């Protein structure tokens, strides 16, 4: 089921026509300004606003490239705020911190560039790191300034773009016909729909794109990171948040408050309910990339009272871990999320390798 549109349809539909016209003008100018970096560029993007699984897919591809002997970097827009990364750049967004934590856990060296101008950011990185051999763009399908060697577009099975509308009447950044620009299409969140719905979605993709989706992926919760309330939060902010590991079954039967500020909160809440074995005792959903103001944090902390656990995403915990010691009334858990290719995993890697080593 799709979430309600950002703006009600009677107003949103005319505004979506204006959005479409502005989008075409902007993309036309950007395409004429395309520049190359001197290394292969692979983009992972989507048609919709948030929630399709770009971050776990980029992590999946980066880890595979490292195993194959390449030195990838990740380039993303970044959002307001920031701290200095060990590479000297600004890593201000929640996703950038998620990438760094994931790569640290995996023990691999993948630099992350978080800059509004990704071309400039990658060029600066290349000046410092001559060993970087390929750039992975997070959310690059609509980034027309930078030339790509491959566009991988993710389609969320739980929010079919074929049932949606353009912003602001719906959640689409581009019409579904834009799939024809993609070098490869991957269906994600296959675990969230029936086999029949998945078959129909793949049929629509093939009819629009001209070829079948190259792969189908599931989002798997492989475990939990749990911080035990006040006791785990006595450390300095920079050291907080690693917690201890628990199996996903740790959630079963607990009174859980679900908190998230992501592009597709419905999928997270639905999976949480499945793992808990019942509907969450409370749900707080915020707009994607919400900065978690002090007032919002106070609201979340107050809602945690009377709960036996808070469940949030790794991206949200990057901001929530600043909460002062002693404020949480219960443990805070985050699922470890992995992208598991159900079908077409090797074909997708092969397509990436074709552009890296033509």
With label points set 7 Å from each Cα along the Cα-to-Cβ direction at residue 244 and residue 354, the distance between them in nm comes to 4.9 nm
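Write down the percent of antiparallel bridges among all DSSP beta bridges whose residues are both part of the stretch 223-336, to the nearest 5. Write down the numbers at each step before the final one.
Values: 8 of 17 bridges.
If I count the DSSP bridges inside the stretch 223-336, around 45 percent turn out antiparallel.
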Relative contact order for the stretch 282-346: what is it in percent, counting Cα pairs under 8 Å that are at least 6 residues apart?
35 percent
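For the ranges 265-274, 289-298, what's the packing order if you count other beta-carbon atoms within 10 Å of each residue, average per peptide, and put the highest first? The partial results should precede the final answer.
On the way: 265-274: 19.0, 289-298: 13.7.
So the order, starting with the most tightly packed, is 265-274, 289-298.
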How high is the FRET efficiency from residue 212 to residue 287, r the C-beta distance, R0 35 Å, rounded to 0.05?
0.50
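Rg(Cα) of the stretch 223-336 divided by 2.2 N^0.38 Å?
Values: Rg = 12.7 Å, N = 114, 2.2 N^0.38 = 13.3 Å.
Expressed relative to 2.2 N^0.38 Å, the Cα Rg reads 0.95.
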Give me the extension gain from residue 308 to residue 109: residue separation times 0.36 nm, minus the current Cα-Cα distance, reported in nm with one decimal.
68.0 nm
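What FRET efficiency, computed as 1/(1 + (r/R0)^6) with R0 = 30 Å and r the Cβ-Cβ distance, is obtained for residue 340 and residue 252, rounded to the nearest 0.05? Could you put the intermediate results ahead of the total?
Working: r = 22 Å, r/R0 = 0.72.
Using R0 = 30 Å, I get an efficiency of 0.90.
Rule-based calculations on the coordinates, nothing more; no lab input. A quick note: this is a predicted structure, and the numbers were derived from the prediction, not measured. All Cβ positions, even for glycine, are placed from backbone atoms using ideal geometry, and neighbour counts span all protein chains on display.
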